[in-house]
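See structure below.
The values are calculated or read from the model by the stated rules, or taken from the named source; none is laboratory data. Please read all numbers here as calculations on a predicted model, not as lab measurements. Reconstructed Cβ throughout: ideal geometry from the backbone, glycine too, with neighbour counts over all protein chains shown. In case anyone asks, the SASA skips ligands and DNA or RNA and just uses the protein heavy atoms, side chains included. Shrake-Rupley method; radii C 1.70, N 1.55, O 1.52, S 1.80 Å.
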Amino acid sequence: MTSRVDAPTRREQILGEAARLFAERGFHGVGVDEIGAAVGISGPGLYRHFPGKDAMLAELLVGISERLLRGGRRRVEEAAGSAEQLLDSLLEGHIDFALDDRALITLQDRELDRLRDSDRKLVRQFQRQYVELWVGAVRAVYPALAEPSARASVHAVFGLLNSTPHLGRPGSLPGREAMAALLHRLARGAFSAAR
């Protein structure tokens, strides 16, 4: 008998394998049977958890956008007024995302247009709010930086950080800690250069 605690674990497994497979072969290149096989259940068994592949993709993309925004807001609250601490904390959170959720970055790049309009609008709404957190943090550290330049630098840093899935296979890059430190230095350098 499955307990309530087990159900989210199975759901998370399904989402994790769906993200991996969609990122590897594209949304249309993967069937529900393959996703089911990856988690040890039949394809039709997935329908107990999701109405279909579209729902999986929506939960993945809306979910990560919401998670980034929620994490960003938490970091703003925890920074206790220290602008430098906030910017470094936002960077650490997004670097963790970039290094740990490579498949979701790939999906965001390639499959966002597959979402229903309402889900795509929700993703974009969360993303805009997330960018605004960053613009505020950058301008607090670099007050002479005009708002349009701050916004452009935030988008440039996202481009840098979100390029990690395209840098090579996971084993071909420096270790995780070294990679995180490198990305942090590059991002801070980009903000500094924008002044």
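Restricting the first member to region 33-60 and to residues that are among the hydroxyl-bearing types (Ser, Thr, Tyr), and the second to residues that are at pLDDT 90 or above and open to solvent by 60 Å² or more (accessible area, probe 1.4 Å), the beta-carbon pairs closer than 9 Å and six or more apart or on different chains are Ser42/Asp33.
Matching residues to (1) under 22 Å from the mean Cα position of the chain (by Cα); (2) of a type outside the set (Ser, Thr, Tyr):
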| residue | (1), (2) |
| --- | --- |
| Arg10 | yes, yes |
| Ala19 | yes, yes |
| Gly31 | no, yes |
| Gly36 | no, yes |
| Ser42 | no, no |
| Arg48 | no, yes |
| Ala58 | yes, yes |
| Gly72 | yes, yes |
| Glu78 | yes, yes |
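Taken over region 150-175, the criterion of being of a type in the set (Ser, Thr, Tyr), more than 22 Å from Ile64 (Cβ to Cβ) and open to solvent by less than 50 Å² (accessible area, probe 1.4 Å) is satisfied by Ser153 alone. Filtered by the rule that a residue be within 19 Å of His155 (Cβ to Cβ) and touching a Leu at 6+ places or on another chain (Cβ under 6 Å), region 77-106 gives His94, Ile95, Ala98.
When restricted to residues that are under 23 Å from Arg124 (Cα atoms), acidic (Asp, Glu) and part of a helix (DSSP H, G or I), region 78-105 contains 3.
Number of residues in region 26-46 that are open to solvent by 60 Å² or more (accessible area, probe 1.4 Å) and either part of a loop (DSSP other than H, G, I, E, B) or under 11 Å from Ile14 (Cα atoms) (or both): the value is 4. Within region 115-129, track down each residue that is open to solvent by less than 20 Å² (accessible area, probe 1.4 Å) and under 21 Å from Arg73 (Cα atoms). Matches in region 115-129: Val123 only. Only one entry of Leu86, Leu91, Leu112, Leu68 meets the criterion of being in contact with a Lys or Arg (Cβ under 8 Å, 6 or more places away or on another chain), in contact (Cβ under 8 Å) with a residue 60 or more places away in the chain and surrounded by 15 or more Cβ atoms within 10 Å (Cβ to Cβ), and that entry is Leu91.
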